[in-house]
Amino acid sequence: MTFAVRLLSTLVIAISATFAHAQDKPRVVTANYPLQYMAERLLDDAADVVFPVPEGVDPSFWRPSIEDISAIQSSDLILLNGAGFSTWVDRVSLPRAKTVNTSAGLEDQFIVTESITHSHGDGGEHSHEGLAAYLWLDPTLAIAQAESVAEAITARGLAVDIDVGTQLSALRTDLEALDALAETSMVNLEDTAIIATHPRYQYLARRYDLSITSLEWEAGAMPTEADWTALADLVAQTGAQVLFWEAAPPAEAMDTAADMGLENVVFPTLAHAEGGRDFLESYSEAISAIAGLQLR
């Protein structure tokens with residue numbers, strides 16, 4: 001065998017081995033971006049972590065296609081948020097051995113939001129209590145979810161060459177630092193009424209003792225005249241000085257809110273990643289904005 005042939009054979013074997021290794025990577029599917037962030041931090045590049053909900057689609061109400069469902073079902077691990085997040089979960093059969101509810105141990109800390117009355121078929125009307133689902137906005141609950149993700153990864157042997165315990169320790173340290181920074185910054189909002197453009201900040205409000213009244217505005221859109229009227233009414237009722245935007249609206253909207261005497265804070269709820277920034281960066285940026293507010 002000539003040197004050239006031996007070299008070619010070696011290259012073919014190396015490329016084949018690399019491709020096989022890539023094909024052998026475990027696949028993890030998550031129900032929202034915070035879980036994707038946690039799994040990626042814990043797994044490094046030992047697995048492919050996928051958050052399948054398209055940008056611009058609310059993952060709480062996403063309707064997966066048949067192809068999406070098949071891809072989810074065939075993954076090695078499915079990480080759910082729980083607390084009523086991801087309505088598609090109730091309509092899809094998921095493999096129990098691969099599926100983990102990351103808030104399964106947190107039920108005693110869930111926040112009940114409102115009673116929803118509806119009917120199923122001929123069963124007549126009945127009520128269910130709604131649950132706040134954006135748990136990760138309280139970094140201490142995000143830590144608990146990260147611990148659940150780490151346990152699931154370890155139990156299934158998905159990180160052969162990764163020390164998941166070390167990765168979890170680093171992630172926990174970062175989230176604890178985020179919590180400490182938030183506690184310090186939120187002092188700026190002590191005794192200050194806040195209005196949010198969407199009712200998704202319940203765990204944030206409880207963690208940092210904030211007073212938040214919510215609207216039902218479309219994220220990132222220009223508010224309608226009816227929206228502005230509702231906001232003006234709430235300002236009159238609550239004396240609010242701060243408006244939390246779930247997503248950055250047109251500049252004109254912020255100007256209008258400022259003219260109403262409100263300080264604008266874009267505080268993304270992070271079900272999706274925002275603006276190319278990761279979870280910690282986005283959350284920290286919102287906290288920094290709060291720390292810099294000049295309140296009356």
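Do we find that residue 258 is surrounded by fewer than 17 Cβ atoms within 10 Å (Cβ to Cβ), in contact with a strand residue (DSSP E or B) (Cβ under 7 Å, 6 or more places away or on another chain), modelled with pLDDT of 95 or more and not assigned by TED's automatic domain parsing to the domain that holds residue 36 in this structure? Yes; evaluated as a whole, the condition is true for this residue. Suppose we keep only residues that are more than 23 Å from residue 268 (Cα to Cα) and hydroxyl-bearing (Ser, Thr, Tyr) within region 52-110. Which one would you say is surrounded by the fewest Cβ atoms within 10 Å (Cβ to Cβ)? Step by step, filter region 52-110, then rank; the result is 93.
In region 93-106, the count of residues that are outside the structural domain of residue 220 (by TED's automatic domain parsing), modelled with pLDDT of 95 or more and of a type in the set (D, E, K, R) is one or more. Residue count for region 217-254 under the criterion of being surrounded by 12 or more Cβ atoms within 10 Å (Cβ to Cβ) and more than 27 Å from residue 138 (Cα to Cα): the result is 7. Take the conditions (1) outside any helix (DSSP H, G or I); (2) more than 25 Å from the chain's Cα centre (by Cα); (3) on the phi < 0 side of the Ramachandran plot; (4) among the small types (Gly, Ala, Ser); residue 248 misses just one of them, which is (2). Cβ-Cβ contacts under 7 Å between residues 6 or more apart (or on different chains), taken from a first residue in region 150-169 that is charged (D, E, K, R) to a second residue that is part of a loop (DSSP other than H, G, I, E, B), are listed as 156/76; 161/46. The residues of region 264-284 that are assigned to a loop (DSSP other than H, G, I, E, B) and either in the same structural domain as residue 57 (by TED's automatic domain parsing) or small (Gly, Ala, Ser) (or both), listed by number, are 271, 273, 275, 276.
Every condition in (1) surrounded by 15 or more Cβ atoms within 10 Å (Cβ to Cβ); (2) free of Cβ contacts under 8 Å to residues at least 60 places away in the same chain; (3) more than 18 Å from the chain's Cα centre (by Cα) is met by residue 47 except one, and the failing one is (2).
Only one of 16, 70, 9 is in a helix (DSSP H, G or I), modelled with pLDDT of 95 or more and more than 30 Å from residue 246 (Cβ to Cβ). Can you tell me which?
70
In region 112-165, which residue that is modelled with pLDDT of 55 or more and of a type in the set (S, T, N, Q) is nearest to the chain's Cα centre (by Cα)? Here the residue is 145.
The values are calculated or read from the model by the stated rules, or taken from the named source; none is laboratory data. Computed from a predicted model, the values in this text were never measured in an experiment. Please note: Cβ atoms are built from the backbone with ideal geometry, for glycine as well, and neighbour counts cover all protein chains shown.
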